[in-house]
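Quick note: the coordinates plus some simple rules give every number you see, no bench work behind them. Values in this document were obtained by computation on a predicted structure and should not be read as measured data. Methodologically, a virtual Cβ is constructed for each residue, glycine included, from the backbone with ideal geometry; neighbour enumeration extends over all protein chains shown.
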Amino acid sequence: MSLLTFHLWVGAVVALAAIAGIWRTSDRRIALYIVTLQVLIGIVLVVQGLRAPSLHYALAILGFIGYMVANAMARRAAGRPIVLATAILSSVLLLVAFAVGHSAVQHAWVR
């Protein structure tokens, strides 16, 4: 299995975590760990010379930052609606990043 294939599979897990794991703080924390792994794998792929559309990188990084912010707000006892809205927005960003990355691989836009 290539690293890109592994990145795609972890991306599918991230997408599932983004959908299912936003309602509880512990699930958001697990989703953040998975997203962190995904970002690290993506950095390794970029260092190896693989390139994806810029939109993929931007959305993934914004989603990652959003999860970090949601987890930080939850630890500081911020209002639950704000934390949940941040987690939902971050999840949407990650889902679109997954779709862009998957489409790039499927259409051979990755170089």
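Observations on the structure shown:
- Matching residues, region 16-47, being surrounded by fewer than 18 Cβ atoms within 10 Å (Cβ to Cβ), closer than 17 Å to L89 by Cα and touching a residue at least 40 places away in the same chain (Cβ under 8 Å): I19, W23, T25, R29
- Residue, surrounded by the fewest Cβ atoms within 10 Å (Cβ to Cβ), within region 1-15, restricted to residues that are hydrophobic (A, V, I, L, M, F, W, C) and more than 11 Å from the chain's Cα centre (by Cα): M1
- Residue within region 46-66 that is out of contact with any Asp or Glu (no Cβ under 7 Å at 6 or more places or on another chain) and over 24 Å from L3 (Cβ atoms) present: yes
- Per the conditions (1) small (G, A, S); (2) under 11 Å from the mean Cα position of the chain (by Cα); (3) surrounded by fewer than 17 Cβ atoms within 10 Å (Cβ to Cβ), the sole criterion not satisfied by G63 is (3).
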